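Every read-out reported here was derived from the displayed coordinates using simple, explicitly stated rules and does not represent laboratory data. What you see is a predicted model, and the numbers here were worked out from it, not measured in a lab. FYI the Cβ positions are ideal-geometry reconstructions off the backbone, even for glycines, and counts take in every protein chain you see.
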Amino acid sequence: MSTTPAQRHYWIFSADPHHYHWDTLFVKGKEMWHGAGAKPDAIRALKQVRKGDRVLCYHSAPERSLYSIAEVTRDPYPDPHNHKGKNLVADLRVFEKLPRQVTLEEMRANAALKKMKLLKNVRLLISPISDAEYQEILRMAGIVPTPGIPLP
């Protein structure tokens, strides 16, 4: 079941750019994201992700910045490459690169983002963000709303 914009949730998925660079998703267009691995906190968060949700793609050290937007195209499911069946994956579709990357330092300096889980624990692989936080990050990245046209 797909989410409508009113039901949509927003997430930050983190990846080490040396292990997985978000440009890979742009090359492929759509990919199974298995970044949660066997980490219990990431698996708990991934269980809440739904088809239609938006994902801000974050590169961890050394870049430490939000890079692009993706969309979840399938509810999370057991990793077909993990035979123990404990790991979950989600399918992501590339949406767009941010016009300007938003750094961790910039997010920390923005009072509107002070409650974001990522800012309290940068090691989180998946963290939820509110609609207002998502809109603020898009604004910081240079994406501004046009009347009558919804933001990505």
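Helices (runs of 4 or more DSSP H) wholly in region 37-152 with at least 3 residues that are touching a Leu at 6+ places or on another chain (Cβ under 7 Å) and closer than 12 Å to TYR10 by Cβ - which ones?
Values: elements: 40-46, 104-109, 117-120, 131-141.
Because the criterion is at least 3 residues that are touching a Leu at 6+ places or on another chain (Cβ under 7 Å) and closer than 12 Å to TYR10 by Cβ, the helices (runs of 4 or more DSSP H) in region 37-152 that meet it are 131-141.
Within region 118-130, the set of residues being more than 13 Å from the chain's Cα centre (by Cα) and not hydrophobic (A, V, I, L, M, F, W, C) comprises LYS120, ASN121, ARG123. Among the residues making up region 116-148, a single one is under 20 Å from ARG44 (Cβ atoms), surrounded by 17 or more Cβ atoms within 10 Å (Cβ to Cβ) and among the small types (Gly, Ala, Ser): SER127.
Check ALA36, ALA42, ALA15 and return the single one that is over 25 Å from GLU106 (Cβ atoms), crowded, with 17+ Cβ neighbours inside 10 Å and of a type in the set (Gly, Ala, Ser).
Values: ALA42 fails: over 25 Å from GLU106 (Cβ atoms); ALA15 fails: over 25 Å from GLU106 (Cβ atoms).
The match here is ALA36.
Could you please find all residues in region 132-146 being among the acidic types (Asp, Glu) and touching a Phe, Trp or Tyr at 6+ places or on another chain (Cβ under 8 Å)? Step through it out loud before you land on a result.
From region 132-146, those among the acidic types (Asp, Glu) are 133, 136; that's our starting set.
If the condition is that a residue be among the acidic types (Asp, Glu) and touching a Phe, Trp or Tyr at 6+ places or on another chain (Cβ under 8 Å), then GLU133 is the only one that fits.
Answer with yes or no whether TYR20 is of a type outside the set (Gly, Ala, Ser) and crowded, with 20+ Cβ neighbours inside 10 Å.
Spelling it out, it is not the case that TYR20 is of a type outside the set (Gly, Ala, Ser) and crowded, with 20+ Cβ neighbours inside 10 Å.
If you go through region 46-72 and keep only what is within 11 Å of the chain's Cα centre (by Cα) and charged (D, E, K, R), you end up with ASP53, ARG54, GLU71.
Scanning region 15-54 for residues that are within 11 Å of ALA70 (Cα to Cα) and of a type in the set (A, V, I, L, M) turns up just one, LEU25. Cβ separations smaller than 6 Å between residues 6+ apart or across chains give the following pairs from region 12-40 residues that are closer than 17 Å to THR73 by Cα to residues that are part of a helix (DSSP H, G or I) and among the small types (Gly, Ala, Ser): ALA36/ALA42. In region 73-94, of all residues being in contact (Cβ under 8 Å) with a residue 40 or more places away in the chain and closer than 11 Å to TRP33 by Cβ, the one that is farthest from the chain's Cα centre (by Cα) corresponds to ASP79.
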